[in-house]
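Enquirer: Pasting a structure here, questions to come.
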Amino acid sequence: MQFDLILENIGQLLTMDYGKEGPLCGKEMDQLIVRENMSVAVKDGKVAEIAAASSAADWEADKRIDCGGRLVTPGLIDPHTHLVFEGSREHEMGLKQQGVPYLEILKRGGGILSTVEKTRAASEADLYKKAAGHLNEMLSYGTTTVEAKSGYGLEAGAELKQLRTAKKLNAEHPVDVVSTFLGAHAIPAERRNQPEVFLDEMLQLLDVIEKEELARFVDIFCETGVFTIEQSRAFLSKAKQRGFGLKIHADEIDPLGGAELAAELGAVSAEHLVGASDAGIKRLAETGVIACLLPGTSFYLNKPDHAKARKMLDEGVAVTLATDFNPGSCPTENLQLIMSFAAVMYKMTVKEIWNAVTVNAAHAIGLGGQRGVIAPMQQADLVIWNADNYEYIPYHFGVNHVGTVIKKGAVVYEKGDCHERASLSFT
């Protein structure tokens, strides 16, 4: 067979192909399939063959890449981002350093409502251009699939504008974009005293979202001062009845019972979980709800507490990691940095971390077995790293270790050796 692309002289190859239907849970996450001196062949955008270099010596292809003994892994997956928005909030950093409370920042015109104001005023073309730039950045760090939440519109037109932008990016940008409707991200100023009315307005959008296939999941921010457990249960239950997958911003600050609610409703994932109770963690393990943890947010907000990742893993929870990329509490596209944070802040092993940003992340966005693995007949999303072993990536933090990114069998980003200039094929 004539292949389209061959990767040869691979040092370590991480396939994440464990032969399991669901995500890895608890102790299962502390494993890796590491194959050495391998070759991978690609045909029609998919992995066609994986074999030892000696067995692949006679393969023929239109293009060959000599990996030079470097590490090759699946493309990284970022399962929690707020990709589409307008504006930025760098002016708030000084206020936070001074100890100005978030509610005071809101009163001064900052916070999430300032992003909402800018996003409402932006055109779809402006949102597309800005979000595409962020996707380019993510791609350069080895992220080939992302989840993108709405939630900076907080009214019908602006929420749909965000979702339509994400859908267009999914169709036109190399990175795969999986959309989540987070209309219930905050209570807008005009509905400050009418949260139930606002939630009903957001539920009314599900007809259009379903018809235009704008989102696979529905999310809500269940937290003190935002939406209660009761409000969240009612909202998500109605979304579930419509056939949407469920996610929930749960127990980010206070242990309200968001993790327990995620388990009760059969959510795909519960996200943040810094304040999750021991009972809530146990319920996540019992029901198979994936814990999506966001260490970059705790770091950026300088919070003393972190999600109890080690307890979750000891209890048998499936854990994934994400950037939480957003303009207020975690403005970074660098999932490699999040991997380093997980090692230091969560005490996760390197093996657990790699599984968290590949195979488990895929399951958290409904793409289990289709992304985050290197396996025959699966989409060829691959990263060639400027490192010869998998432990080096989270160890050497704050820099970009990517050499080449391959998406659907095509080279879409190439930096080469660490001192060479980068080029991105998407403009």
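Enquirer: Between 193, 170, 355, which gets the highest mean-square fluctuation from a Gaussian network model of the chain, Cα cutoff 10 Å?
Expert: The residue that fluctuates most here is 193.
Enquirer: Most mobile of 208, 226, 40 per a Gaussian network model of the chain (Cα springs, under 10 Å)?
Expert: 208
Enquirer: In whole Å, how far is the Cα centre of segment 46-94 from that of segment 273-328?
Expert: So the two Cα centres are separated by 25 Å.
Enquirer: Excluding residues on the same chain fewer than 8 positions from residue 96, give the aspartates and glutamates whose Cα lies under 14 Å from its Cα.
Expert: 104
Enquirer: For segment 336-391, calculate the relative contact order in percent as a whole number, restricting contacts to Cα pairs under 8 Å that are 6 or more residues apart. Present the calculation step by step, with values, prior to reporting the outcome.
Expert: Working: 37 pairs, mean separation 11.4, N = 56.
About 20 percent, as a whole number.
Enquirer: Let me ask something else about it. What 222 nm value per residue comes from the helices of the chain, counting each DSSP H run with n ≥ 4 as -39,500 (n - 2.57) and dividing by all residues, nearest 500 deg cm²/dmol? Numbers along the way, then the final one.
Expert: Numbers: 16 runs with 144 residues, N = 427.
Helix-only estimate at 222 nm: -9500 deg cm²/dmol.
Enquirer: Using heavy-atom solvent-accessible surface (probe 1.4 Å) with all chains present, what is the largest-first order of 339, 1, 93?
Expert: Reading off the accessible areas and sorting them downward yields 1, 93, 339.
Enquirer: Just to confirm, what accessible area per residue do you get for the chain at 1.4 Å probe, in whole Å²?
Expert: 40 Å²
Enquirer: Using a 1.4 angstrom probe on heavy atoms only, work out the carbon and sulfur share of the accessible area of the chain in %.
Expert: Values: 8330 of 16900 Å².
With neighbouring chains kept in place, the figure for the chain is 49 percent.
Enquirer: Name the lysines eligible as straight-distance cross-link partners of residue 129: C-alpha to C-alpha under 22 Å, and not fewer than 8 places from it in the same chain.
Expert: The reachable lysines, counting only those whose Cα sits under 22 Å from residue 129, are 118, 149, 161, 167, 168, 407.
Enquirer: Next question. Given H placed on each backbone N at 1.01 Å, which residues far from residue 63 in sequence or on other chains put an amide H within less than 5 Å of it?
Expert: Answer set, sorted by chain and number: 5, 6.
Enquirer: Helix 278-287 against the longest principal axis of the chain: what's the angle in degrees, Cα atoms only, rounded to the nearest 10?
Expert: Between the helix axis and the principal axis of the chain, the angle is about 60 degrees.
Enquirer: Say we join alpha carbon atoms closer than 10 Å with springs in a Gaussian network model of the chain; which of 305, 324, 78 then has the biggest fluctuation?
Expert: For the chain, modelled as a Gaussian network with Cα springs under 10 Å, the answer is 305.
Enquirer: Also: With no solvent and one equal point scatterer per Cα, compute the Debye intensity ratio I(q)/I(0) for segment 336-393 at 0.15, 0.22, 0.25, 0.29 Å⁻¹ and report its log10, rounded to two decimals.
Expert: At q = 0.15, 0.22, 0.25, 0.29 Å⁻¹ the computed log10 ratios are -0.49, -0.96, -1.10, -1.20.
Enquirer: Out of all Cα-Cα pairs in the chain, roughly what percent, to the nearest whole number, are more than 39 Å apart?
Expert: 17 percent
Enquirer: Any idea what the relative contact order of the chain is, in percent, if you count C-alpha pairs under 8 Å spaced at least 6 apart?
Expert: About 20 percent, as a whole number.
Enquirer: Need the full-extension length gain, residue 129 to residue 397, defined as separation in residues times 0.36 nm minus the C-alpha distance. One decimal, nm.
Expert: Stretched fully, the residue 129-residue 397 segment lengthens by 93.6 nm.
The values are calculated or read from the model by the stated rules, or taken from the named source; none is laboratory data. Because the structure is predicted, anything quoted here is derived from the model rather than measured. Areas reflect the complete protein model, heavy atoms only, side chains present, ligands, DNA and RNA absent. Shrake-Rupley method; radii C 1.70, N 1.55, O 1.52, S 1.80 Å.
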